[in-house]
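The structure appears right after this line, and notes come after that.
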Amino acid sequence: EVQLVQSGAEVKKPGESLNISCQGSGYRFTSYWIGWVRQMPGKGLEWMGIVFPGDSDTRYNPSFQGQVTISADKSLNTAYLQWSSLKASDSAMYYCVRHNGYTYLYWGQGTLVTVSS
Amino acid sequence: IQMTQSPSSLSASVGDRVSITCQASQDISDYLNWYQQKPGKAPKLLIYDASKLERGVPSRFSGSGSGTDFTLTISSLQPEDIGTYYCQQYDHLLRTTFGQGTKLEIK
């Protein structure tokens, strides 16, 4: 069974750094793209970018390029979404997704990030 | 590519036929998926490649369209169908855009 398990909720202050994770299991981790999707409170879904764990090829939504870093550690079957300096506007639910062809069939449970002074 | 969904919200009665539309800003062939999201949950894939029903999804859900205009139809609305529905377009580089969502409620 394919599973994506995300790290727990985070409460941070503006300017702090953060790294959230998504561990895949039940499939060959290096063979499928993993993506990140943001959902701000009460809002819709926004595609942030994707990483291919097999070779770390990464593609970003231009709106998020330079704002976050997406990476993967194939030895840990884990993908990451990182911020070097959080803003209040980064407060949102973040989902990791696994590509199945051109669909997002598999989703993590979501990680809620709250940034507040 | 921009995706415009309509309506943004919809209220219908159990048993009604419900349609949600999604318009792309340019021709996307059939590179379109539909998702359902229930409150507090991750989205769930319903339809892929514009008209293909994902395994396990009730047959009352269907998708149609190609090019720029797409429709998700629920043939007979059930109480468990409440939630927010999103269309998603993708390209061959795996870049993707979601529509802004349609919130479906029961009258």
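The values are calculated or read from the model by the stated rules, or taken from the named source; none is laboratory data. Here the structure is a predicted model, which is why all the values come from computation and not from measurement. When we count neighbours, we look across all protein chains shown, and the Cβ atoms used for this are built from the backbone with ideal geometry, even at glycine. SASA here: full protein model, heavy atoms, side chains in, ligands and nucleic acids out. Shrake-Rupley method; radii C 1.70, N 1.55, O 1.52, S 1.80 Å.
Here are some notes:
- The residue of the range B:20-51 that is nearest to B:Thr73 (Cα to Cα), among those that are of a type in the set (Ser, Thr, Tyr) and buried (at least 16 other Cβ atoms within 10 Å of the Cβ), is B:Thr21.
- The condition (being in contact with a Leu (Cβ under 6 Å, 6 or more places away or on another chain) and either of a type outside the set (A, V, I, L, M, F, W, C) or free of Cβ contacts under 8 Å to residues at least 40 places away in the same chain (or both)) is satisfied by just one residue among B:Ala42, B:Ala50: B:Ala50.
- Those strands (runs of 3 or more DSSP E) of the range B:22-67 in which 1 or more residues are aliphatic (A, V, I, L, M) occupy B:32-37, B:44-48.
- The criterion of being free of Cβ contacts under 8 Å to residues at least 24 places away in the same chain and buried (at least 21 other Cβ atoms within 10 Å of the Cβ) does not hold for B:Thr102.
- Between A:Asn61, A:Asn19, the distinction of being under 26 Å from A:Val115 (Cβ atoms) and open to solvent by less than 50 Å² (accessible area, probe 1.4 Å) belongs to A:Asn61 only.
- Yes/no for A:Asp73 being of a type in the set (D, E, K, R) and within 13 Å of chain B (Cβ to nearest Cβ): no
- Whichever residue in the range B:1-19 is of a type outside the set (Val, Ile, Thr) and in a strand (DSSP E or B) and, among such residues, is most open to solvent (accessible area, probe 1.4 Å): B:Ser9
- Any hit, the range A:42-51, residues being away from chain B (no Cβ under 11 Å) and either surrounded by fewer than 19 Cβ atoms within 10 Å (Cβ to Cβ) or part of a loop (DSSP other than H, G, I, E, B) (or both): no
- Hits in the range B:59-89 - residues which are surrounded by fewer than 22 Cβ atoms within 10 Å (Cβ to Cβ) and at the interface with chain A (Cβ under 9 Å from one of its Cβ atoms): B:Thr84
- Of everything in the range A:64-109 that is more than 15 Å from the chain's Cα centre (by Cα) and within 18 Å of B:Tyr90 (Cβ to Cβ), the residue that is least open to solvent (accessible area, probe 1.4 Å) is A:Thr103.
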